Amino acid sequence: MHHLSSSLALLGLLAATADALALPSTSTGRSINLVRKPRPRRDATESIEWLRNQKLALEAKYGVGSARNTKRASGVNLMVNQGADSSFIGSIAVGTPPVAFDVILDTGSSDLWVAGGSGSANGIALFDSNTSSTFTDLNQPFQISYASGAAEGVLGEDTVQMAGLAVEKQIFAVATAVSQGVLQAPVSGLMGLAFQSISSSGATPFWQTLADSNELDSALMAFQLTRYDNASGVSELEPGGTFTLGAVNSTLYTGEIEFQDVPQAGYWLQEMTGLTVDGTSVTLPSGSDSYAAIDTGTTLVGGPASVISALYAAIPGSSPLSSSQGYYSYPCDTDVTVSLAFGGSSTSWPIAPADFVVEQLDASTCVGAFFAIDNTGTTAPPWIVGDTFLKNVYSVFRASPGPSVGFAQLSAAALAMNGAHGAAPSPTIGSVAAAVTATSGLDTGANRSSNGAARGAAHGALALGAGALLPLLLSAW
C-alpha cells in the first residue's frame with residue numbers, strides 16, 4: 001500500500017446538536033447540528049487583505065480574473081459555522097475502520113479531498129491510508145488550486161460515510177502537500193457537491209453516486225445556514241445549521257420550495273432575472289450572461305463589473321475602494337437590502353442588511369458583500385452567489401426531477417438559530433443506514449470543465465459547520 005504522509009494546517013467547523021434540527025418524525029433520517037467559527041476583529045489593513053483573499057479564492061476556484069491560467073433513506077449533518085459565516089463545515093468518515101474528518105461542504109466544486117499523513121498537524125486530523133484495510137492507491141496525481149496556494153497528492157479509493165450513508169470505493173484525493181493558508185484547524189479537506197462534469201479528478205461525487213444508485217428517498221440535498229457575523233460574544237466555533245441529504249426538513253422552512261431548472265449541467269446554475277437595491281431595480285442581461293453558480297463554498301457574491309457598479313450607484317455615498325479588487329465602500333449608517341430573483345419566478349429573495357456588510361473599515365465606512373469579477377474568456381458563470389445570500393433562504397439542490405435549485409423562506413425555528421450560542425461538537429461516526437459501491441471510475445473525457453477546480457432506499461442528514469476556504473499551512477516534505 002502506498003504510504004502517504006504530510007503535515008498541514010486546515011480550516012474548519014465543528015458540529016453541534018439541536019433537537020430542533022431533526023427531521024420530522026415520519027423520516028428515518030438522522031440530524032447533526034452545524035458549528036460556525038466567527039470572523040476575528042480586524043483593523044482596516046487586515047480587512048483589505050481579507051477582502052483580497054476572498055476575491056482571489058473565488059478567482060482561483062472558477063479560473064477567472066487574475067487566476068485565469070492557473071429513495072429508501074436520508075441523512076442529516078449538523079454543520080459548523082467558522083470564521084463568522086466565512087464557510088460551513090460538516091463531518092464525514094473515511095476508511096475501515098472509519099475515521100472522522102471535518103470538511104467544507106461546497107456546492108461550487110465536485111472533488112473530495114482530505115489531508116494525508118499520520119496523526120494530526122496543527123489541530124488538523126490527517127488520513128493515514130496505511131491504517132485503512134479498504135484503501136486502494138490509484139497511482140494517479142491530483143492537484144487543485146486556490147487563492148494563495150494549492151493542494152497536491154494522489155487519487156485513491158475507499159469507503160466514505162456521511163450522515164449514515166456510505167459509498168464504497170469512492171474515489172477521492174489524499175493531499176500530501178497543501179500550501180500554507182489553504183486549510184485551518186479543525187478542517188481536514190473539502191467535499192465537492194456539484195456534478196462530475198466539472199470534477200478536476202474525473203471522479204463521481206459522493207452525493208451523485210448515491211443519487212444515481214436510487215439509494216436516496218429523494219435525489220436532493222438541502223442547506224440551512226446560520227448567521228453570526230453581527231452577533232456579540234461569539235465563540236471560535238458556533239452552530240452552523242443543517243445539511244440534509246436525500247430529504248428536506250420541513251421544520252426549517254415555511255411555504256413552498258420554489259424550484260427553477262438548472263439551465264446548463266456542471267455547476268448548480270440559476271439565471272438571475274431580478275436584482276433590486278432598496279426597491280430600485282438594476283438592469284440585468286438575459287440568458288447565459290446572467291447565469292449564477294449557487295455556491296455554499298463561497299462567502300460573498302461576485303458579479304459582472306457593470307452590474308456591480310450599477311448596484312452601488314443606487315446606494316448613496318458608495319464608492320469603489322481605493323485598493324480596487326472590485327469592492328465598494330458605503331456609509332455604515334445606511335441599511336442596504338438587496339433582493340435577488342431567479343428563473344421564471346416572480347419571487348424576490350431579500351438579503352438581510354447585516355449580511356450585506358462584509359467589513360467595517362472605520363467608524364463610518366463599511367464594505368459591501370457584492371464585488372466585481374471578470375469571467376471574460378473562461379467557462380465560469382458571470383455570477384457566483386455564496387453564503388451572503390444563502391444564509392437568508394432554505395436552499396435545495398435537486399438532481400431529479402431536474403436538475404434544479406429551489407429556495408424557500410426560513411421558518412421561525414431556523415431564524416431563531418441565528419446568533420444562538422452553543423457548544424461545538426467533535427466529528428462523530430454513526431451507524432450506516434444504506435451503502436452503495438461506486439462503479440463509474442474516473443471520467444477523463446473532454447466534457448469536463450477545462451479548468452477543473454472551477455469545476456432511493458435511504459436518506460441521511462449531516463451537521464455542517466461554517467468556515468472560509470483560504471490558504472492553509474503545510475510543511476513541505
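Figures for the structure shown
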read-out: Residue in the range 272-292 that is out of contact with any helix residue (DSSP H, G or I) (no Cβ under 6 Å at 6 or more places or on another chain), within 23 Å of residue 158 (Cα to Cα) and surrounded by fewer than 24 Cβ atoms within 10 Å (Cβ to Cβ) present; value: no
read-out: Residues that are at pLDDT 95 or above, within 22 Å of residue 286 (Cβ to Cβ) and not in a helix (DSSP H, G or I), drawn from the range 304-350; value: 304, 314, 338, 339, 340, 341, 342, 343, 347, 348, 349
read-out: Hits in the range 131-148 - residues which are at pLDDT below 95 and in contact with a helix residue (DSSP H, G or I) (Cβ under 7 Å, 6 or more places away or on another chain); value: 144, 145, 146, 147, 148
read-out: Qualifying residue in the range 113-120 (condition: touching a Lys or Arg at 6+ places or on another chain (Cβ under 6 Å), buried (at least 22 other Cβ atoms within 10 Å of the Cβ) and not β-branched (Val, Ile, Thr)); value: no
read-out: Selection from the range 367-400 of residues that are in contact with an Asp or Glu (Cβ under 7 Å, 6 or more places away or on another chain) and not β-branched (Val, Ile, Thr); value: 369, 382, 386, 387, 391, 392
read-out: Residue 205 being farther than 30 Å from residue 358 by Cα, buried (at least 24 other Cβ atoms within 10 Å of the Cβ) and not basic (Lys, Arg); value: yes
read-out: Residue in the range 364-380 that is over 22 Å from residue 290 (Cα atoms), part of a loop (DSSP other than H, G, I, E, B) and either modelled with pLDDT of 95 or more or not β-branched (Val, Ile, Thr) (or both) present; value: yes
read-out: Residue among 260, 180, 264 that alone is outside the structural domain of residue 100 (by TED's automatic domain parsing) and either at pLDDT below 95 or within 15 Å of the chain's Cα centre (by Cα) (or both); value: 264
read-out: Residue within the range 197-214 that is β-branched (Val, Ile, Thr) and in contact with a Leu (Cβ under 9 Å, 6 or more places away or on another chain) present; value: yes
read-out: Identity of the residue in the range 294-324, touching a Lys or Arg at 6+ places or on another chain (Cβ under 9 Å) and buried (at least 19 other Cβ atoms within 10 Å of the Cβ), that ends up farthest from residue 45 (Cα to Cα); value: 295
read-out: Which listed residue is closer than 22 Å to residue 53 by Cα and either out of contact with any strand residue (DSSP E or B) (no Cβ under 7 Å at 6 or more places or on another chain) or modelled with pLDDT of 90 or more (or both), from 151, 115; value: 115
read-out: Checklist (1) part of a loop (DSSP other than H, G, I, E, B); (2) modelled with pLDDT of 95 or more applied to residue 276, failing item; value: (1)
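The values are calculated or read from the model by the stated rules, or taken from the named source; none is laboratory data. Here the structure is a predicted model, which is why all the values come from computation and not from measurement. As a convention, Cβ positions derive from the backbone with ideal geometry for all residues, glycine included, and neighbour counts pool all protein chains shown.
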